[in-house]
Structure formats: structure tokens, C-alpha cells
1. Per residue of the stretch 12-20, what does 6.51 cos²θ - 1.76 cosθ + 1.60 with θ = phi - 60° give for ³J(HN,Hα)? Whole Hz please, x for Gly and Pro, Karplus curve as stated.
2. Kindly give the semi-axes, whole Å and largest first, of the ellipsoid equivalent to the stretch 25-150, taking each as the square root of 5 times a Cα gyration tensor eigenvalue.
3. What angle do you read, to the nearest 10 degrees and between 0 and 90, between the alpha-carbon axis of helix 67-79 and the longest principal axis of the chain?
4. Heavy atoms of the protein only, probe of 1.4 Å, neighbouring chains included. What is the accessible area of Y14 in Å², nearest 10?
5. Please identify, among S86, S11, S71, the residue showing maximal mean-square fluctuation in a Gaussian network model of the chain using a 10 angstrom Cα cutoff.
6. Would you mind checking the tilt of helix 101-125 against the longest principal axis of the Cα atoms of the chain, expressed as 0 to 90 degrees and rounded to 10?
7. When the helix-only estimate is applied to the chain (DSSP H runs of n ≥ 4, each -39,500 (n - 2.57), divided by the residue count), what is the mean residue ellipticity at 222 nm, nearest 500 deg cm²/dmol?
8. Compute the helix-to-body angle for 129-147: its Cα long axis versus the longest principal axis of the chain, expressed 0 to 90° and rounded to tens.
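The values are calculated or read from the model by the stated rules, or taken from the named source; none is laboratory data. Keep in mind that this is a model prediction, so the values were computed, not measured. With ideal geometry, Cβ positions are generated from the backbone for all residues, glycine too; neighbour counts draw on all protein chains shown. Just so you know, the surface numbers come from the protein's heavy atoms only, side chains and all, with ligands and any DNA or RNA stripped out. Shrake-Rupley method; radii C 1.70, N 1.55, O 1.52, S 1.80 Å.
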Amino acid sequence: MNEAKKPALDSPSYYLHRLVALLDRGAEKILQSQLGVSYRRCLFLVVIQERGPLTQHELAVCLGYTDPAVSAMLVELSEDELVSISTSPEHKRKRIVTLSPRGTEIVTAARRILDEHFAELLDAAGVDSEHYGQLTERIFRTLLAKTGKA
């Protein structure tokens with residue numbers, strides 16, 4: 001094949017994007033079948049667990065979503081008793097979001113399940129999980145520093 005017409009299939013960025021898309025779809029199927037929760041909902045819960053308690057707006061910023069999108073999801077999460085929402089004592093117009101005990105159970109189980117599946121994938125691919133984790137973290141932290149995000 002002519003070098004100029006070579007497809008992007010040998011590009012690390014192409015494989016990374018495809019890998020993330022496949023992992024996201026796989027996580028969706030796994031979480032739906034084992035916990036009855038969507039991957040998107042789980043991402044909300046993980047951020048709340050890691051960064052919470054936090055305001056609805058802070059959650060939107062962390063997730064890269066709009067405030068209305070986060071507001072709509074919080075209604076669902078609250079109805080399912082996965083989060084608690086309260087009014088900020090300092091600023092009555094701000095809503096504080098925290099994980100409920102049930103939300104904490106879901107996040108803990110989801111992390112365990114997905115980590116086990118990912119470890120199996122790395123093992124099947126012959127990739128050292130510790131080294132992979134170090135490289136991924138280094139790339140992630142470099143990107144955060146480069147973009148000025150915390």
C-alpha cells in the first residue's frame with residue numbers, strides 16, 4: 001500500500017479513541033446487567049464520591065456538562081435515592097449534592113466490577129497493569145497541566 005494512502009489504523013490516537021469508545025460501551029452493558037445503572041449515571045456518582053459534597057454547578061464543571069443537563073440527571077438520581085440534595089447554608093440559591101448510602105454502594109460495586117473486567121482485559125492482552133496505570137496517570141496529569149484543569 002502506498003504510504004500516502006495508509007489508513008490511520010496505525011495511529012496511537014486512533015486506537016485510543018476506539019479503545020475508549022469500546023470500553024464505554026462495554027461498561028454500559030456490564031453496569032446495566034449487573035447493577036441496573038447506566039454508565040453515565042455511574043460517572044456522576046463517581047465524581048460526587050471523589051469531589052463531593054459539591055454544588056450542582058461544580059458537578060457540571062467537573063463532568064463538562066451544562067447546568068441544565070446536570071439538573072435533569074440529579075432529579076433522576078435523587079428520585080432513585082442515589083444522591084441527596086440540600087440547600088447551601090452560605091448561599092440559599094446553591095444546591096449541595098452528596099452521595100446517599102445507596103449511591104455509595106453502587107459506586108463501590110461499579111468500581112470493583114469494572115476494575116476486575118479491565119484487569120482481565122489487560123491480562124489477556126499481556127499488558128502489565130501497574131505499568132499501564134503509571135503511564136495512563138502520567139499522560140492524564142500532563143494533559144491536566146497543559147490545559148490548566150484541576
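1. Per residue, the Karplus-derived 3J(HN,Hα) values read x, 5, 4, 5, 5, 5, 5, 4, 4 Hz.
2. 29, 20, 11
3. It works out to around 70 degrees.
4. For Y14, the solvent-accessible surface is approximately 80 Å².
5. Its mean-square fluctuation being the largest, the pick is S11.
6. 0 degrees
7. Theoretical 222 nm ellipticity from helices: -23000 deg cm²/dmol.
8. 70 degrees
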